[in-house]
1. With all protein chains present, calculate the accessible area of Glu21 using a 1.4 Å probe and round the result to the nearest 10 Å².
2. Extension gain Asp52-Arg71, at 0.36 nm per residue separation less the Cα-Cα distance, in nm?
Amino acid sequence: MEVLLSTLPLQLPRGGTLRLESARGVTVRVRSGRLWLTEQGLPDDVFLGPGDAWRLCGNGRVVVEADATSRFELVGPRAQWRFAPRADGALLA
């Protein structure tokens, strides 16, 4: 599935994860909740709360996990977001 938006609003439940690939330049902007980001190639993880934003630096894998139910946006230079279903029915961006 493809979504043609420069800003993609998302919500993850507590403990939910999202994997991003090749997302250099994308900004993760938190509206509510708390996100834990692990970006391949960076020595430290990043924690974001409401009002926080983080621009992804690398072009490798990024795992986003919600410490609490979280609403956030992916904002970026990519005009298309591709989603691939996982075996358990969840979607990956």
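1. Its accessible surface works out to 70 Å², give or take rounding.
2. Working: separation 19, 0.36 × 19 = 6.84 nm, distance 1.18 nm.
Length difference between fully extended and current span is 5.7 nm.
The values are calculated or read from the model by the stated rules, or taken from the named source; none is laboratory data. Computed from a predicted structure; not experimentally measured. These area figures cover heavy atoms from the full protein model, side chains too; ligands, DNA and RNA do not enter into them. Shrake-Rupley method; radii C 1.70, N 1.55, O 1.52, S 1.80 Å.
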